[in-house]
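Derivation of every value follows stated rules applied to the coordinates shown; laboratory data play no part. Predicted, not measured: the structure shown is a model, and the values here were computed from it. Methodologically, a virtual Cβ is constructed for each residue, glycine included, from the backbone with ideal geometry; neighbour enumeration extends over all protein chains shown.
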Amino acid sequence: MVQNASHGHAARDRRLAALSLGALGVVFGDIGTSPLYAFKEAFGGAHPLPLNEANVFGVLSLIFWAVMLIVSVKYVLFVLRFDNKGEGGVLALLALASQLFRNNRKLSGAATVIAVFAASLFYGDAVITPAISVLSAVEGISVATPALERWVVPATIAIIIGLFALQPHGTGKIGRLFGPVTLIWFVVIGGLGVMSILATPAILRALDPGYAVRFAVNSPALTFVALGSVFLALTGGEALYADMGHFGRKPIRIAWFGLVLPALMLNYLGQGALVLRNPAAVKNPFYLLAPSDWLLPLVGLATIATVIASQATISGAFSVTQQASRLGYLPRVPVTHTSETERGQIYIGRLNWLMLVIVVLLVLGFGSSSHLAAAYGIAVSATMALETALVALVVIAMGGRARVLVLGVLLVVFLAEMMFFASNTTKIAAGGWFPILCGLTIFTLLTTWKRGTEVLTAASSGKNVPLQGFCEHLDSVMRVPGTAVFFSSNTQVVPTTLLHNLKHNKVLHERVVFLTMTTEDVPRVEDEERIEVNMLVPQSIYQVIVRYGFMEDPDAMHVLKLLGQRGLRCELEETTFFLGKSTIARAQQRGLFTWRREVFRWMQRNAPSAAEYFKLPPDRVIELGTQLKL
């Protein structure tokens, strides 16, 4: 008995270690590569600080305490508790908030706007991260060999193209290397920091928050400007929450406090010690920490680490898009699962190639990591502040004795994040306009699609025929062999596709299935709970309700398999799927918001087909459409 218990504990420990190692690569890749550019940006960016001891100690103190407050306290210790069935991220938090605010329309509306705008800003982060991360790593070539500086941008573009070209094949095999490579990365950057600290141990005094306070009091204007660069040390912190569903909160906490946090802080302190000894090293303090013989291997390791960091944000963009589609903010998006074992490894083709084009244009347009840094912080700082506000709304709704204390902590965090956001607004003209424009554009598209589909649903509801009593009038209709599956969004009314079929063809199949696919406010639904079958007419007409989580994608062929297990066998060769499509007609008179109608029509025209989304065989599908005049 004792032996079995010890084996069980050993197995759990091995699994926990494996998850913690995996979290190193996927969760911490972005924040783990911040030392490449964060400290350098403070003294050499768009608004460089004067290089002196007081400013170096002040900036390092700000970095340390900002990381402790925003990442360690807010995300690692607190926000990770707010999961939705084990899943994290701003849209998962929205689903949780929607359940809590079901009877409060004002709070529900506020939570929706906050979450959707935060998700919109994430896309700006998702395209900037590969550009700035890979570019900052490759710039190490010019430090090792200045003559190769003109090859930095071409090499960066080549690596980025290769990264996006690999996406259709999945990251399963590459993913197994992510954790070990990132482990090596953190050990190396921590070791480089220790070597520099040993040469100038006085730099450890920067951990005293008094240096940050004195810097802020003595030089408030410089501090305000410096916060924009300090914030770069926090970018990627939001990934801790977004990727919680892949690993769980415990492995993330172990990896953060056990390795990532110490390695990052040692490296930042090492860079500060270096520039105090050699002010000329401020041009690239990260690479100049290394002995000259280590420089090229470090460039190679940094490039691999930044590719891993970029992979995390690309995968994150796929996940956010899938969740937005499930929650009704985007058209149906076909998703390809690239791994049979890792549920989070998905691929969305159109998004992948669109992101590649934008990332390449960013590299060509900005040309250096310093220029890109100006565009980087504003999207992430706004996302973090919005996420804190959403968590506060959830805390208010949940109640509890500790609510006042928790809201007090969140208020402190929110004020700090707003200070970072305000500081980053000074970079709008230098490139910060891009993520703002990107976020506003995505927000407009998401809310336009949501509103347009609601309008279509409301307009068509007046023409609905109640299902109750309808089947009793079908005895006189001619029957033909086979099974007809009519997709329907409302279980209480007759599918409009069936009415059109009766109107034009005047026949029914021997067996009719009304199929409704619903999205639940949970990430995933088990197969045992997925299907509900109701027999409306014995051996003739059935109503089937299929439930999916907002992180899952429907699969009609899998539904047929589950129906067969319930005794309702549908042979594919004898089954026809009927799909309906409603569109909005052009406006007869132009008004203030006519442009939004045209945006919705454009999104409809370019949306993937329902047959592709439901994974239906093309030769078994009939699509019937209607056009509504509003």
Considering every pair of different Cα atoms, what Kirkwood radius, in Å, is found for region 462-628? 17.5
How far apart, in nm, are two points set 7 Å out from the Cα along the Cα-to-Cβ line at GLU574 and at ARG350? 3.7
Using all alpha carbons of region 16-110, what is the percent of pairwise distances in each 5 Å bin, ordered from the shortest bin to the longest? 2, 10, 12, 16, 15, 12, 11, 10, 7, 3, 1, 0
Enter the angle in degrees (range 0 to 90, nearest 10) between the Cα long axis of helix 53-66 and the first principal axis of the Cα atoms of the chain, meaning the one along which they spread out most. 30
For Cα pairs less than 8 Å apart in space and 6+ apart in sequence, what is the mean separation divided by the residue count of the chain, i.e. the relative contact order in percent? 20
Identify the trypsin sites (Lys or Arg not before Pro) of region 336-445 meeting these criteria: DSSP loop state and at most 13 other C-beta atoms within 10 Å of the C-beta. ARG401
Candidates per trypsin sites (Lys or Arg not before Pro) in region 478-523, loop by DSSP, up to 14 other Cβ within 10 Å: LYS506
What number do you get for the chain when its Cα radius of gyration is normalised by 2.2 N^0.38 Å, N = residues? 1.08
Would you mind putting 263-273, 560-570 in packing order, based on average other-beta-carbon counts within 10 Å, highest first? 263-273, 560-570
Over 30 Å between Cα atoms, which of LYS450/LYS561; LYS503/LYS615; LYS463/LYS506; LYS506/LYS581; LYS74/LYS615; LYS250/LYS283 qualify? LYS450/LYS561; LYS74/LYS615; LYS250/LYS283
Over the Cα atoms of region 47-102, what Rg and Dmax result, in angstrom? 18.0, 55
A correct Kirkwood calculation over the Cα atoms of region 356-504 returns a hydrodynamic radius in Å of 21.1
Relative contact order for region 326-422 using alpha-carbon pairs under 8 Å, separation at least 6, rounded to a whole percent? 20
What fraction of the DSSP beta bridges in region 462-628 is antiparallel, stated in percent and rounded to the nearest 5? 20
Nearest-ten-degree value, helix 369-398 long axis tilted from longest Cα axis of the chain: 60
Normalised Cα Rg of region 202-305, dividing by 2.2 N^0.38 Å with N its residue count, works out at 1.29
Where the convex hull is taken over the Cα atoms of region 479-561, what is its projected area averaged over directions, in nm²? 5.9
GluC sites (Glu not before Pro) restricted to DSSP loop in region 498-540 with at most 11 other C-beta within 10 Å: GLU526
Nearest 10 degrees, 0 to 90: what angle lies between the long axis of helix 172-199 and the longest principal axis of the chain (Cα atoms)? 20
Net charge dipole size for the chain [Lys, Arg +1 and Asp, Glu -1 on Cβ; Debye, nearest 20]: 1080
How much of the DSSP beta bridge set in the chain is antiparallel, as a percent to the nearest 5? 25
Which one, GLY58, VAL455, LEU560, projects farthest toward the positive side of the charge dipole computed for the chain from Cβ point charges (K/R +1, D/E -1)? VAL455
